[in-house]
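Peer 1: Below you will find the structure I want to go over with you.
The values are calculated or read from the model by the stated rules, or taken from the named source; none is laboratory data. Computed from a prediction, not measured in an experiment: that's the story for all the values here. All Cβ positions, even for glycine, are placed from backbone atoms using ideal geometry, and neighbour counts span all protein chains on display.
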Amino acid sequence: MNTTRAIIDTSRPGPLISRHIYGHFSEHLGRCIYNGGYWVGETSTIPNVRGIRSDIVEAMRAIRVPNIRWPGGCFADDYHWRDGVGPKEARVPIVNVHWGGTLESNHFGTHEFMDLCEQIGCEPYICGNVGSGTVREMRDWIEYLTDDGQSPMARLRRQNGRERAWKINMFGVGNENWGCGGFMTAEQYAQEFRKYATYIRNYAVMGKVNWWEAPDILRVAGGANAEDTGWLEVLMKSVPSSLMKGVSVHCYVKPGEESDGVRFSDDSWYQTAANTLAKEAAFVKNIEVMDRYDPEKKVAMVVDEWGLWVDNEPGTNPGHLFQQNTLRSALCAALMLHIFHRHADRIRIANLAQTINVLQSILLTEGDILVKTPTWHVFDLFKEHQDGAFVPVVWEKAPDAIAKGLPRVALSASLKQGALTVSMVNLSAEEEAGVSIGLNAARPLSAAGRVLFGRPTDHNTFGDPSRVHAVALEGVALRDGSVELKLPPCAIASLEIALDMSAGKGERL
């Protein structure tokens, strides 16, 4: 068994790994919202609080979901928020023209989404309608959400049952406006953004400070896919950072030719790893563009759609994007989160697509059964990275190369309150990997971890919901100031190391 030796210098913590890169994306698509998703209604036999499914809330609280992006996606630029407020019996159903032609009741609207966020304990990240909406419509929505005064929209909100305004820190101005959001040119969208963003005001502080001095809502411009830096370049040179605090970048990974959700060879496991790691070069090119125009890094990169895209499950509505989730999916999630860690000074918000029953979901439902996917377990393993300081890993003995030139082991580390979190991936589908972690400027007091492993095609089903789950990582040992362990094949693990920061001992870089 080959052992990889890494040194982590705890005396040099880097940028904060924002908890918001662990966000999620919930579009009105398939069964994410209705028909088994968040909204079951107050009269459902499935346990719920004000119509919101309780087991979903519990599962999302457990992994400390920091934010949810809603209502889209492509759906956002066809969504008119006033259709989803007021008495439910008076709300007019709509047809979801983007995703399967499904008829939706509009029973899950602004109040229900904000209630969901409050139940989970996360922040809302709302995406507004630019493609088919108006500046007035978006401006009124912000007023409805955030004004505690006596404005028309504040009075309407109270009439609809909510006395206090909500707090909104993030707001997206349209989605994929180069495509489903209006087929605009970059120059056209930049002008539209400037106009729309002007009216996204922080009503929470109106009357307390001058409006131009008010703390900003983080206005996120709709961006392109990670490989298209031209759109980004136009936005960065055309829009001042006083208006644009974030730019969206979307990034979907394909597994290669073997795109079936559950039937594929080990070669597809390796191809997925290679395709995921290759996305880092695209992010770096985007960051280089942003650095040219914004060297102080005032504008956040917001990867508000990302994940593995495989084939829909046979027999399901092709417009609902219901896809199964295997250890291959978990591999993509772990490696992508590691990329976000390495670029934490610029990537400060990210949203996995999508939360329930769509694409790379963390949760699947059927009736009253809820399944936590392997991807959910990655977010559970990695949650201690949230708001930790990124700490670079230096290889004393670099991981040996395996199939497709991949490193055998991938590591990422963060420091928070005297504890070091190290997440690890064994990219080999056949062999164990030894890992030895030395520390600079600290001494390990204890170490314990959990691990997710199996075969690449392993997944959880409604008949076997716990086939893939995290267990205690056995055999972790402290030797001569280092932490040593073994990872099974196809393993994704997280290790918590308690530190004596006053020791000043350990390996020197």
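Peer 1: Can you go through Val262, Val303 and tell me which one is crowded, with 21+ Cβ neighbours inside 10 Å and in contact (Cβ under 8 Å) with a residue 12 or more places away in the chain?
Peer 2: Answer to the check: Val303.
Peer 1: Do you know which of the residues in the range 439-454 that are at pLDDT 95 or above and surrounded by 17 or more Cβ atoms within 10 Å (Cβ to Cβ) is farthest from Ala330 (Cα to Cα)?
Peer 2: Ranking the candidates gives Ala447 first.
Peer 1: Hey, could you check the range 65-86 for residues that are touching a helix residue (DSSP H, G or I) at 6+ places or on another chain (Cβ under 7 Å) and in a helix (DSSP H, G or I) and say which is surrounded by the fewest Cβ atoms within 10 Å (Cβ to Cβ)?
Peer 2: Trp81
Peer 1: Are there any strands (runs of 3 or more DSSP E) wholly within the range 363-411 with 3 or more residues that are within 25 Å of the chain's Cα centre (by Cα), and if so which?
Peer 2: Where strands (runs of 3 or more DSSP E) fall fully within the range 363-411 and carry at least 3 residues being within 25 Å of the chain's Cα centre (by Cα), they are 363-366, 369-372, 388-391.
Peer 1: Check whether at least one residue in the range 241-259 is over 21 Å from Ala350 (Cβ atoms), modelled with pLDDT under 95 and either among the polar types (S, T, N, Q) or outside the structural domain of Gln191 (by TED's automatic domain parsing) (or both), and report yes or no.
Peer 2: yes
Peer 1: Can you name the residue in the range 476-495 that is part of a loop (DSSP other than H, G, I, E, B) and at pLDDT 95 or above and, of all such residues, is farthest from Ala330 (Cα to Cα)?
Peer 2: In this case the residue turns out to be Val476.
Peer 1: From the list Met170, Met206, pick out the single residue that is among the aliphatic types (A, V, I, L, M) and modelled with pLDDT under 95.
Peer 2: On the way: Met170 fails: modelled with pLDDT under 95.
Exactly one residue qualifies, and that residue is Met206.
Peer 1: Ok, one more. Give the residues of the range 399-419 that are basic (Lys, Arg) and closer than 16 Å to Asn275 by Cβ, sorted by residue number.
Peer 2: Across the range 399-419, the qualifying residue is only Lys404.
Peer 1: Residues that are buried (at least 23 other Cβ atoms within 10 Å of the Cβ) and of a type outside the set (Phe, Trp, Tyr): does the range 316-323 have at least one?
Peer 2: Our first condition is that a residue be buried (at least 23 other Cβ atoms within 10 Å of the Cβ); within the range 316-323, this holds for 321, 323.
Add one more test, that the residue is of a type outside the set (Phe, Trp, Tyr), and what stays is 321, 323.
Yes, some residue in the range 316-323 is buried (at least 23 other Cβ atoms within 10 Å of the Cβ) and of a type outside the set (Phe, Trp, Tyr).
Peer 1: Still on this structure, I have one more. Would you mind stating whether Ala90 is farther than 19 Å from Ile369 by Cβ and surrounded by fewer than 18 Cβ atoms within 10 Å (Cβ to Cβ)?
Peer 2: Answer is yes for this residue.
Peer 1: If the Cβ limit is 7 Å and pairs must be 6+ apart or interchain, which residue in the range 103-116 that is not assigned by TED's automatic domain parsing to the domain that holds Arg31 pairs with which residue that is buried (at least 20 other Cβ atoms within 10 Å of the Cβ)?
Peer 2: none
Peer 1: While we're here: Among the numbered conditions (1) in contact with a Pro (Cβ under 8 Å, 6 or more places away or on another chain); (2) within 27 Å of Val249 (Cβ to Cβ), tell me where Leu103 comes up short.
Peer 2: Unmet condition: (2).
Peer 1: So which residues in the range 104-132 are among the β-branched types (Val, Ile, Thr) and in contact with a Gly (Cβ under 8 Å, 6 or more places away or on another chain), if there are any at all?
Peer 2: Thr110, Ile126, Val130
Peer 1: From the list Ala498, Ala491, Ala472, Ala477, pick out the single residue that is hydrophobic (A, V, I, L, M, F, W, C), under 30 Å from Thr365 (Cβ atoms) and surrounded by fewer than 17 Cβ atoms within 10 Å (Cβ to Cβ).
Peer 2: After ruling out the rest, the residue left standing is Ala472.
Peer 1: Now a separate question. Report yes if some residue within the range 441-457 is at positive phi and not in a strand (DSSP E or B); otherwise report no. Spell out the reasoning first.
Peer 2: Going residue by residue through the range 441-457, those that are at positive phi are 441, 454.
With not in a strand (DSSP E or B) added as a condition, the list becomes 441, 454.
Checked against the condition, which is being at positive phi and not in a strand (DSSP E or B), the range 441-457 yields at least one hit.
Peer 1: On to the next question. So, Gly319, is that one over 23 Å from His24 (Cα atoms), assigned to a helix (DSSP H, G or I) and touching a residue at least 40 places away in the same chain (Cβ under 8 Å) or not?
Peer 2: no
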